[in-house]
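J.: Take this structure first; my questions come after.
The values are calculated or read from the model by the stated rules, or taken from the named source; none is laboratory data. In this text, all values refer to a predicted model and were calculated from it rather than measured experimentally. Neighbour counts run over all protein chains shown; Cβ positions are idealised from the backbone, glycine included.
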């Protein structure tokens, strides 16, 4: 299946732009899971069973599994396999921020798309389109290029001016115009400033944008939805991680955020 | 031990700037290793036993191990452990090109520095110094920041002009001036053009530079050594991978390249 179709189909069927980040840090999951032979997977399975109706995607942060070595990698794979078997319509995103040159990327493609079985991976742009071809050529998978991040030091390099345009916006344009010939690209836009999200949207057409966080991390839900929504009233994957998976009732936190996103998404539709 | 000391001590003791890349792609290693229960490790062990006297460092390309999932990760760890036990003076480099934001990097630090046990890791610069603090703060380890690559499409973003200076050179200056407060930074400089390597050297003082390849990939050994050597007649880690590990006699190929590097390194010393 074309990955763009998978995202669009899921958004249509489940009416949600919410992504839950299964950032299941072994030190933060409830203590009783740590006695399980597969603690991260056991925790993820419970979260998935509770929240699956409210999401278009699950995102897993590779580092938090790699930190446990081969055991963590095995549980990352178990989680993706569980989703493939039980909920094959939900998009799976590996937040691994990879990128190398030449045939090395073939190794990452095999690891993330094939062995782990993810639908999508996040990628660093610095080595250029040519280097990322092993990812971009996979028309059955998403390449999600890091464009803008919201960490305190993000501006150090991302805001450098290139022909009067900040580097991050230059990258957004290049991905939209040059890298996306298979229609399988997305961008990571950490929306500390809603105006920046609006700038990206104006330049990339209806391309889906991955928003790493809302709330404390990245402005209000309303601002993100209104600035980032595309002409189809979708094109966003809005992630929340710890505020949901470590909530007292994860399903309730997920439903609440899904509804809040939809409120602005649909209200905007009526206004427009 | 301070990692800079580890590199300097090894260079002094073994008189070599050569790094061998254990890019032991499972499809390329000799067929008889594939019957071994730990094929990548079995191959690496033989290469290490043959070539250890000629290197200052071994580099492993994480992707080529991740491609085999948890089994590959386990064999990557076995290889590093073997080096730690038998040859603790040789620097171990994980060519993983990582970088994320916030606490996520803590996961990579734990995976690469602690669980796998590497001395060094390659990093993407795009998220800025602040994001990379979990790596940079580890004064017992090297942070090797990707500055310049030699792939055909490298110029797409790396050559963008920032205040009249190409982005890659701007990054070299920032790392040398701002990121290297613990003296544990290095740069990846893929030297397609020796003049670019010279430009980097002029801006970063005696900081060690990791050169991903010589020969077909990146100009002659002579050009690389003469352009990149520092005032101490070292400060280079010159990598060769397949040309050595898949040679008929790896030890002979390693010794030959070590000697060729030293020829220009020492000749320049006499001239200067």
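J.: Can you say whether residue A:158 is under 23 Å from residue B:190 (Cβ atoms) and crowded, with 19+ Cβ neighbours inside 10 Å, as far as the supplied structure shows?
T.: Yes, satisfied.
J.: Of all residues in region B:54-65, count the ones that are assigned to a helix (DSSP H, G or I), touching a strand residue (DSSP E or B) at 6+ places or on another chain (Cβ under 9 Å) and crowded, with 24+ Cβ neighbours inside 10 Å.
T.: Qualifying residue count, region B:54-65: 2.
J.: Something else now. Can you name every residue in region B:163-183 that is more than 10 Å from chain A (Cβ to nearest Cβ) and either surrounded by 23 or more Cβ atoms within 10 Å (Cβ to Cβ) or in a helix (DSSP H, G or I) (or both)?
T.: Once the filter is applied, which keeps residues that are more than 10 Å from chain A (Cβ to nearest Cβ) and either surrounded by 23 or more Cβ atoms within 10 Å (Cβ to Cβ) or in a helix (DSSP H, G or I) (or both), region B:163-183 yields B:169, B:172, B:173, B:175, B:176, B:177.
J.: Kindly provide the set of residues from region A:76-97 that are touching a strand residue (DSSP E or B) at 6+ places or on another chain (Cβ under 7 Å) and either more than 19 Å from residue A:208 (Cβ to Cβ) or in a helix (DSSP H, G or I) (or both), ordered by number.
T.: A:76, A:79, A:80, A:83
J.: Is it true that residue A:16 is away from every other protein chain (no Cβ under 14 Å) and part of a loop (DSSP other than H, G, I, E, B)?
T.: Yes: the conditions hold for residue A:16.
J.: Still on this structure, I have one more. Just to be sure, is residue A:87 within 14 Å of another protein chain (Cβ to nearest Cβ) and within 19 Å of the chain's Cα centre (by Cα)? Write out each step before concluding.
T.: On the way: within 14 Å of another protein chain (Cβ to nearest Cβ): no; within 19 Å of the chain's Cα centre (by Cα): yes.
No, not satisfied.
J.: Right, something else. Among the numbered criteria (1) out of contact with any strand residue (DSSP E or B) (no Cβ under 6 Å at 6 or more places or on another chain); (2) at pLDDT 95 or above, which one does residue A:270 miss?
T.: Status for residue A:270: all satisfied but (2).
J.: May I pose another question? Look at region B:230-259 and say how many of its residues are assigned to a helix (DSSP H, G or I) and either modelled with pLDDT of 95 or more or exposed (fewer than 13 other Cβ atoms within 10 Å of the Cβ) (or both).
T.: Adding up the residues that qualify gives 12.
J.: If you take the residues in region A:140-162 that are within 27 Å of residue A:113 (Cα to Cα) and part of a strand (DSSP E or B), which one is farthest from the other protein chains (Cβ to nearest Cβ)?
T.: The selected residue is A:142.
J.: Consider residue B:34 against the criteria (1) at pLDDT below 95; (2) in contact with a strand residue (DSSP E or B) (Cβ under 7 Å, 6 or more places away or on another chain): it satisfies all of them except one. Which criterion is unmet?
T.: Only one criterion in (1) at pLDDT below 95; (2) in contact with a strand residue (DSSP E or B) (Cβ under 7 Å, 6 or more places away or on another chain) is unmet by residue B:34, namely (2).
J.: Which of the residues belonging to region A:69-84 are more than 7 Å from every other protein chain (Cβ to nearest Cβ) and touching a helix residue (DSSP H, G or I) at 6+ places or on another chain (Cβ under 7 Å)?
T.: Hits for region A:69-84 are A:72, A:75, A:76, A:78, A:79, A:82, A:83.
J.: Then there is this: Out of the residues in region A:114-139 that are more than 13 Å from chain B (Cβ to nearest Cβ) and over 21 Å from residue A:73 (Cβ atoms), which is modelled with the lowest pLDDT?
T.: Restricting to residues being more than 13 Å from chain B (Cβ to nearest Cβ) and over 21 Å from residue A:73 (Cβ atoms), the top hit is A:139.
J.: Only one of (1) at the interface with chain B (Cβ under 8 Å from one of its Cβ atoms); (2) crowded, with 24+ Cβ neighbours inside 10 Å; (3) out of contact with any helix residue (DSSP H, G or I) (no Cβ under 7 Å at 6 or more places or on another chain) fails for residue A:101. Which number is that?
T.: Among (1) at the interface with chain B (Cβ under 8 Å from one of its Cβ atoms); (2) crowded, with 24+ Cβ neighbours inside 10 Å; (3) out of contact with any helix residue (DSSP H, G or I) (no Cβ under 7 Å at 6 or more places or on another chain), the lone unmet condition for residue A:101 is (2).
J.: Still on this structure, I have one more. What is the residue count in region A:184-194 for residues that are outside any loop (DSSP other than H, G, I, E, B), touching a helix residue (DSSP H, G or I) at 6+ places or on another chain (Cβ under 8 Å) and within 10 Å of residue A:143 (Cα to Cα)?
T.: Residues meeting the conditions: 2.
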